[in-house]
């Protein structure tokens, strides 16, 4: 069993890896479905509102606006314009993702919890739209869920106090988020592999690395090559850019600098872009290292595969395209723009999901009641099942002899 | 032997292996996949909001009858809607009014681990869906032939030999190795978490205490694993430990298969820790450097030297000399000297006579569906229900066996 096979069995690969095209169309489809629901609900509501008797129930400015649309007769076009566009919806998600990072940093949580929380958010919004579940109501519950799945185990009360939210606000959407994650909680992070790469590079610098078969060089030869590596000319490191690393200590400093930079990219940029959906953790890790120190990382890669391996160009291409995304970075809108988007979202939200806390309470109350009447419910369901089973049989004609 | 560990190509470096590979072009194995596009891993799934995805999942399974009822979960036997002859077990986690922090940790741990693990000796999780009042339903593999505890304890009706033990142990060890290969610690290995499928295959179940390997600095909790199967480092409240915690438990199961009662028993944690000291040997700085630094380490009043091979040969001669070697490697007090799950599988015992029994020839008495129901409804770390535990609470005086 290879590492590849282990990774391919993971939910991250099976459910949460996409081509760029598949990812885009998934998001577009989700947005279209949610927008359609909002528009349809509005249309039917408008029909109701236009009848004077129902007007008293109109909630806020929404109702009034729609009333005006309705009186105008043809309001379709106005409705479409009002809804957040796909791009705006994604901008809002990205904006709140950056807020989620701030909250995790404020809580001083381990990077793994933060990274998992961020990935949960991005996964959740693949099959849910901000129109239905505004990110402002989802980020705190999601971070709390990651706190549990990553065994960080801060209690709800402590978290609620620190995150400035009520218990209900955190718990009510938990189930919704878990469902949106399709109950897959494991996230494989490039952050996890990075210290391994760091240690391997250090042992290469020491000349004590265990060389993989097929590389065809000794540890000492690799150490010499590493010493002779040029610095990244594009990096504005001043005078040191032109120098070569002359000794082991300066080489180690260089490796450490690259490690810190890569780590930072993996804790920020990587979490705010789509790289997790498009690349494997090791590809992302290498991409972050590549951005931090290209010659070093390119060399490191050659210690992993025989020089003639046909895989090498493919791997390089994958790492480089991932690095391009990281280099471009996330496009987080300004606070002002985010406020505008939020205001716009308020006007086009799914009216069924306005009060998640209330909905959750209603569900749980029903749950308890149902527990009390379990037997009768069970009986009813059993009858229904038998009925449908019988119907199923009848579809193909009665079984001979069974009817007697 | 697709699951054989000998096929791993990890270099034996002590740093983390970071071989890069390209994202494979192969289609995923899920049955409903329609990916045919060659250089792309995934075609776009039809867009759906997640609520409808959940309903779709729910409709794939049918509950037939309840076979277990507990405070934590109810267990049903059911079948695939598309294939009525394919049975399943549905574990319906009860909405828990006592746990105030949302979805319980046991549930999260179990789902998280089982979603990632696909192995013939690990109970399969086919799906998770929620029913309308936020009950979680875990659709699990159907294991109608009870559990290993039933087989071990039914000394009147169930007779088995070393070949059978080797077969069960082989299946258990492969499961544990596979967990570790996926960076998951089970932390609750014991005979009643080892279910038997219809074909005799052993299935490691109940991942309610499982977690991923922690990052080096992260602290883990120590009050894990049912007492009789708990390794000494957890009694001493170690906060950093590894896969070999599970290997100790596997050793306990191996011993129990031979003895037909738990090897190391105590009524309290302290008593059990003392039993380890009496039975295996007293942990000291000599045999376990650093042990005295562990938080709950108690300086022993009398030091029992670590037991040597003759002690084990007396008790477990049926396993043969190399079987005893294997067991002793799992009972190393110092976790750093204990065999890893991979080393266990590489042991020569597996190659020696007798060959392990074929799974279809293994004894199959067991308690059937009700036992599965009973096992699945439990929360991790719980002992079986009173009645079953009482029947088996036997003690052995190891003091008398010394010499």
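The values are calculated or read from the model by the stated rules, or taken from the named source; none is laboratory data. Since this is a predicted model, take the numbers as computed values, not measurements. Here the Cβ is made from the backbone with ideal geometry for all residues, glycine too, and neighbour counts use every protein chain on show.
The residue of the range B:82-113 that is surrounded by the fewest Cβ atoms within 10 Å (Cβ to Cβ), among those that are more than 10 Å from chain A (Cβ to nearest Cβ) and in contact with a strand residue (DSSP E or B) (Cβ under 6 Å, 6 or more places away or on another chain), is B:86. For the condition more than 10 Å from every other protein chain (Cβ to nearest Cβ), out of contact with any helix residue (DSSP H, G or I) (no Cβ under 6 Å at 6 or more places or on another chain) and more than 26 Å from residue B:125 (Cα to Cα), residue A:224 qualifies. Among the residues of the range A:14-33, those identified as in contact (Cβ under 8 Å) with a residue 60 or more places away in the chain and either closer than 15 Å to residue A:181 by Cβ or more than 7 Å from chain B (Cβ to nearest Cβ) (or both) are A:15, A:16, A:17, A:20, A:23, A:26, A:27, A:30, A:31.
Here is a yes/no grid of residues against (1) touching a helix residue (DSSP H, G or I) at 6+ places or on another chain (Cβ under 9 Å); (2) assigned to a helix (DSSP H, G or I):
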residue: A:1; (1), (2): yes, no
residue: A:4; (1), (2): no, yes
residue: A:12; (1), (2): yes, yes
residue: A:17; (1), (2): yes, no
residue: A:31; (1), (2): yes, yes
residue: A:35; (1), (2): yes, yes
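Checked against the criterion of being part of a loop (DSSP other than H, G, I, E, B), within 13 Å of chain B (Cβ to nearest Cβ) and within 24 Å of residue A:215 (Cα to Cα), the range A:315-327 has no qualifying residue. Any idea which of A:383, A:305 is modelled with pLDDT under 90, in a loop (DSSP other than H, G, I, E, B) and within 14 Å of chain B (Cβ to nearest Cβ)? The unique qualifying residue is A:305. Residue A:210 meets the conditions (1) assigned to a helix (DSSP H, G or I); (2) within 8 Å of chain B (Cβ to nearest Cβ); (3) surrounded by fewer than 17 Cβ atoms within 10 Å (Cβ to Cβ) in every case but one. The failed one is (1). Residues that are assigned to a helix (DSSP H, G or I), more than 14 Å from every other protein chain (Cβ to nearest Cβ) and touching a helix residue (DSSP H, G or I) at 6+ places or on another chain (Cβ under 8 Å) were ranked within the range A:330-376; the one that is modelled with the lowest pLDDT is A:351.
Conditions (1) at pLDDT 95 or above; (2) buried (at least 20 other Cβ atoms within 10 Å of the Cβ); (3) away from every other protein chain (no Cβ under 12 Å), marked per residue:
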residue: A:94; (1), (2), (3): yes, yes, yes
residue: A:108; (1), (2), (3): no, no, yes
residue: A:114; (1), (2), (3): yes, yes, yes
residue: A:121; (1), (2), (3): yes, yes, yes
residue: A:128; (1), (2), (3): no, yes, no
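Between A:181, A:154, the distinction of being closer than 22 Å to residue B:106 by Cα, within 13 Å of the chain's Cα centre (by Cα) and either touching a residue at least 12 places away in the same chain (Cβ under 8 Å) or within 13 Å of chain B (Cβ to nearest Cβ) (or both) belongs to A:181 only. The set of residues in the range A:265-302 that are within 11 Å of chain B (Cβ to nearest Cβ), surrounded by fewer than 21 Cβ atoms within 10 Å (Cβ to Cβ) and within 14 Å of the chain's Cα centre (by Cα) contains only A:277. Do you know which of the residues in the range B:140-157 that are surrounded by 22 or more Cβ atoms within 10 Å (Cβ to Cβ) and part of a strand (DSSP E or B) is farthest from the other protein chains (Cβ to nearest Cβ)? Looking at the filtered set, the residue picked out is B:147. Filtering the range B:114-129 to residues that are in a strand (DSSP E or B) and either surrounded by fewer than 22 Cβ atoms within 10 Å (Cβ to Cβ) or within 15 Å of the chain's Cα centre (by Cα) (or both) leaves B:122, B:125, B:126, B:127.
Take the conditions (1) buried (at least 20 other Cβ atoms within 10 Å of the Cβ); (2) out of contact with any helix residue (DSSP H, G or I) (no Cβ under 6 Å at 6 or more places or on another chain); (3) within 21 Å of residue B:369 (Cβ to Cβ); residue B:175 misses just one of them, which is (3). For the range B:178-213, a residue qualifies if it is touching a strand residue (DSSP E or B) at 6+ places or on another chain (Cβ under 9 Å) and surrounded by fewer than 19 Cβ atoms within 10 Å (Cβ to Cβ), and the qualifying residues are B:183, B:198, B:213. In the set (1) surrounded by fewer than 19 Cβ atoms within 10 Å (Cβ to Cβ); (2) at the interface with chain A (Cβ under 10 Å from one of its Cβ atoms); (3) at pLDDT below 90, the condition left unmet by residue B:71 is number (2).
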